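First up is the structure itself, then whatever we jot down about it.
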Amino acid sequence: MYAELLELARKVGHDAGALLMERPPAFEIESKSTAIDIATQMDKKAEKFIMESLLAARPDDGIIGEEGSSVESKSGITWVIDPLDGTVNYFYGLPGWNVSIAAKDKDGSVVGVVTAPTINSTWWATRGGGAFYNGHQIHCNDPIALDRALIATGFQYDVAHRTTQMTDLAKLVPLVRDLRRNGAAAVDLCHVAMGALDGYYEAGLKEWDWAAGGLVATEAGARFVQYGQEPLRTTLSAGPTLHGHLASLLGFTA
């Protein structure tokens, strides 16, 4: 049912990833919400390429993009795109940055594709169709005991909120196997989906951060839930057993 959308998202994600692999000799940096929340000319170039490619194929669809692209949908399908998830990783030459493309209808994401060329990885999912990594179906780890769990997280760009996040981190450190800070939300969600992580949580994510990766995690059997209110609404994804333990430990209620 969603094959056409998936094929388009995979192609455009692959091509946008290739575009981003051509790193510029110098970066033009623009601050967004705070001085450390940055965008580069490549974020904007990739978003323009993705938007134009999607609309060339499906001109009646809508667009929501991190860098400001906004087109109202006439078809009932809206694309939610993060052209460069993990901009700081990209800027520093670290791996794991990615292109995140989701298509949604009135009920949420129906297709999600996350392309991370520096780690030779592409994940995708369709609603009700399962989740895949480089062509192989994937499933989250479950059940996992808290003391055997590898957990990832991230921190907000508004440093005023980091004290609260450090409190949450302190609750987990003595109880889990270990923690990771990888720097790209969509890939963290996909790592939960494939069992490379047992769980992931982060406060302050936007729709373009989780629209694709959240579907991949869900279709791989993980629970994907958002708790609380902005600006500290927290996204939590893990296998069903671990998810309950993490939510309780962190004091989250639906």
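Of note:
Table: residues versus (1) farther than 18 Å from residue 17 by Cβ; (2) at pLDDT 95 or above; (3) among the aliphatic types (A, V, I, L, M).
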site	(1), (2), (3)
49	no, yes, no
62	yes, yes, no
110	yes, yes, yes
113	no, yes, yes
118	no, yes, no
147	yes, yes, no
154	yes, no, no
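- Residue check for residue 221: more than 11 Å from the chain's Cα centre (by Cα) and either within 17 Å of residue 96 (Cα to Cα) or without any contact (Cβ under 8 Å) to a residue 40 or more places away in the chain (or both): no
- Condition check for residue 101: surrounded by 15 or more Cβ atoms within 10 Å (Cβ to Cβ) and assigned to a loop (DSSP other than H, G, I, E, B): no
- The strands (runs of 3 or more DSSP E) located wholly in region 1-81 that include 1 or more residues which are in the same structural domain as residue 130 (by TED's automatic domain parsing) and within 16 Å of residue 100 (Cα to Cα) occupy 38-40, 62-65.
- Going through (1) farther than 20 Å from residue 143 by Cβ; (2) aromatic (Phe, Trp, Tyr); (3) surrounded by fewer than 24 Cβ atoms within 10 Å (Cβ to Cβ) one by one, residue 224 falls short only on (1).
- The condition (being part of a loop (DSSP other than H, G, I, E, B), touching a residue at least 12 places away in the same chain (Cβ under 8 Å), under 28 Å from residue 99 (Cα atoms) and in contact with a strand residue (DSSP E or B) (Cβ under 8 Å, 6 or more places away or on another chain)) is satisfied by just one residue among 205, 189: 205.
Residue-wise test of (1) more than 15 Å from the chain's Cα centre (by Cα); (2) not in a helix (DSSP H, G or I).
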| site | (1), (2) |
| --- | --- |
| 211 | no, no |
| 216 | no, no |
| 235 | no, yes |
| 243 | yes, no |
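The values are calculated or read from the model by the stated rules, or taken from the named source; none is laboratory data. For clarity, every value in this text was computed on a predicted model and none was experimentally measured. Because the Cβ atoms are built from the backbone with ideal geometry, glycine has one as well, and the counts that use them run over all protein chains shown.
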